[in-house]
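Take a look at the structure set out below.
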Amino acid sequence: MADIVRVRFAPSPTGYLHFGGARTALFNWLFARKHNGTFILRIEDTDVQRSSVEMVQGILEGMHWLGLDADEGPFFQSSFDEEHRAAARRLLEEGQAYYDFTPKQQKDDTTVQEMIAHRARAQAAAGKERNPYRDLAYEEALRRVEAGEQAAIRLKVPEEGVSRFEDMVYGPQERDYSDIEDLVLIRSDGYPLYNLSVVVDDIAMGITHVIRGQDHLTNTHKQILIYEALGVELPRFGHLPLIMAPGREKLSKRKHGEVVSVTTYRDRGFIPDALVNFLALLGWSPGGDQEIMSRDELIEKFSLEGVNKSSAVFNFHESDPQNWTDPKALWMNAEYMRAMTLDELAPLVAEQLKKFGIWRDEWASSGAAWFAGTIDLLRSRYRTTQDFATLGLPYFSDEFEYEPAAVKKNLKDERLKRLLSGLADRLASIEEFTHDATESALRAYSEEEGVKAGLLINAARTALTGQAVGPGMFDIMMTLGRERTILRLRRAAEFVG
RNA sequence: GCCGCUAUGGUGUAAGUGGUUAACACGCCGCCCUCUCAAGGCGGAGAGUACGGGUUCGAGUCCCGUUAGCGGUACCA
């Protein structure tokens, strides 16, 4: 099979799985599924200082929750250490790389950006200098190394010429060799560096298509140089537009924190398919108007040609409790909650209720029908499954607060003190506690008392749920049942006034 | 500084090889439904395609320049 497809997602475990990473993983996964290929997960943990097992765990969890399990892996880049060194050794022997005895510069992490800029400026002013060790005879260099001298290994980048490749998203790319410095392959303490490790691993794993963030677009030329030095055929490259924070600011794990972490969405009640759908649309479009797409539809329609070249803003508002994340993501999640079957939705809601300590086991057995009916009653007004546990508390528990605004709006009228308990009496005496029977009882009662039915209905809603908004009043009564309805109506009398 | 990428309403995106008044979704506003809030239905405001030049009978679409944002420029990944 000539066109076998093998792709990989290669996160570094220096943080949780954030939106950018998740989107990259998703596109690789879609590409693999689309072409009947293999999706591989490789953890790039060469920077041991900043990597941690918890982060690896977090990434794995996030991917699993999104349904993006790898076909192969997870592999850990650090375990291929020897292969990376061997590749560098080979390039050294072939004269394509050299030992650099320049002492390592100390730098502290907070000022790297400044340092890079400063150094670059200085270099521009002074004119580029060749590395003095580039042409040192290999035998002599080897002697010095064996004598215990520390040296980094650098790739010998050709002095003249242009690096070119055809990006599957961005089209033809080129970069002059003179703009690429002799990159370090192996640090002087012996650790292989990113660019070398990636290439060696991608070769070893038979990666055919490298799909990753646009932040690697110019770095790709460096990696191509390594492929060429190693004498290996190039994979195809496809770079993805970056995801930005509101205001086209760059997305930063440190600054934006949880709102860009996939696990946050799991914890706050997102449906995995909904988030996948939303993520897919961030930087990609199948063309045309369709936006709600199942996994199968996404796979069917996915193509790198549909990937956008410009970066996309992920429009979250962390400080706004109502719209803490992108409104469209929230809308899409709501859309999924409405469209999915109750059998699919119920366990997800149950999970949230358990988390909030208001779950009752009978809702999974004898009360399953009631439970399904109740979430069905509520689903069209909620946007996440967590809303069932927070906004929906009065429907699942007797321990809920009366919202002051609702009390003020619906229980202000002094007459209600008498009317609510009067209504409770009526409801206690009707034969069958059904939607229609309760409604006619309430309407008859309000007519007798000479008040508008609406007054009683709205008051009853607040009496029963502590809220001013919610499903139709008689539906609420049905879901609460006669006993609770009467109890809550009587109890509410004390809030009147 | 240098190299590179990008640029369509507030946000996400449409608009095969340039061809009528720039389309859809989210959000926003209004109306209908109605016991409230959603959902649903209907309607509306909001961009003349970053800016400036070209090419062309005709440009969001091609070319050049400017600006802005972003990425890279590390013995980070």
| said: Longer than 28 Å from Cα to Cα, which of A:LYS34/A:LYS328; A:LYS301/A:LYS354; A:LYS253/A:LYS309; A:LYS34/A:LYS156; A:LYS34/A:LYS354 are they? Say none if no pair is. | reply: A:LYS301/A:LYS354; A:LYS34/A:LYS156; A:LYS34/A:LYS354
| task | Calculate, in whole percent, how much of the Cα-Cα pair population of chain A lies beyond 31 Å. | result | 58 percent
| note | Largest-first semi-axes in Å of the equivalent ellipsoid built from the Cα gyration tensor of segment A:265-398 are 32, 17, 10
| field | Mean ellipticity per residue at 222 nm, deg cm²/dmol - from DSSP H runs of n ≥ 4 across chain A, formula -39500 (n - 2.57) | value | -14000 deg cm²/dmol
| note | For chain A, longest principal axis from Cα atoms; helix A:112-126 axis from its Cα atoms; angle between them, nearest 10 degrees, is 40 degrees
| request: Take A:ASP436, A:ASP167 and order them by how many other Cβ atoms sit within 10 Å, fewest up front. | output: A:ASP436, A:ASP167
| Put +1 on the Cβ of every Lys and Arg and -1 on every Asp and Glu Cβ in chain A; which of A:GLY283, A:PHE270, A:GLN57 then has its Cα farthest towards the positive end of the dipole? | A:PHE270
| task | Mind giving me the nanometre distance, one decimal, between the label points for A:THR263 and A:GLU249, set 7 Å out from Cα along Cα→Cβ? | result | 2.4 nm
| message | Please report the antiparallel percentage of the DSSP beta bridges confined to chain A, to the nearest 5. | response | 50 percent
| task | For A:ILE299 and A:ILE4, calculate 0.36 nm times their separation in residues minus their Cα-Cα distance, and state this gained length in nm to one decimal. | result | 104.5 nm
| request: Provide Rg over Rh for segment A:326-456; use the alpha carbon set for both Rg and the Kirkwood Rh (inverse mean inverse pair distance). | output: 1.04
| note | Protection proxy (average C-beta count within 10 Å per residue), highest first, orders A:399-405, A:210-216 as A:210-216, A:399-405
| message | What's the ranking of A:246-257, A:437-448 by average number of surrounding C-beta atoms within 10 Å, highest first? | response | A:437-448, A:246-257
| field | Label point distance in nm, A:ARG338-A:VAL162, each placed 7 Å from Cα along Cα→Cβ | value | 5.3 nm
| request: Would you mind calculating the relative contact order of chain A from Cα pairs under 8 angstrom and at least 6 residues apart, reporting the percent as a whole number? | output: 12 percent
| task | May I ask you to order A:476-489, A:143-156 by the average number of other C-beta atoms within 10 Å around their residues, highest value first? | result | A:476-489, A:143-156
| task | Mind pulling the angle between the C-alpha long axis of helix A:473-492 and the longest principal axis of chain A? Nearest 10 degrees, somewhere in 0 to 90. | result | 70 degrees
| task | Please give the helix A:368-379 orientation as an angle from the longest Cα principal axis of chain A, in degrees from 0 to 90, rounded to the nearest 10. | result | 80 degrees
| Which parts of segment A:216-235 would a label at A:LEU242 reach, counting a residue when its backbone N lies under 14 Å from a point 7 Å out along Cα-to-Cβ? | A:216-219
| request: Please give the direction-averaged projected area of the C-alpha convex hull for segment A:174-283, in square nanometres with one decimal. | output: 10.2 nm²
| field | Stokes-Einstein D (µm²/s) once Rh is taken as the Kirkwood radius of segment A:415-496 over alpha-carbon pairs, at 4 °C in 1.567 mPa s | value | 106 µm²/s
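Bear in mind these aren't lab numbers, they're just calculated from the coordinates by the rules spelled out. Computed from a prediction, not measured in an experiment: that's the story for all the values here. All Cβ positions, glycine included, derive from the backbone under ideal geometry; neighbour counts span all protein chains shown.
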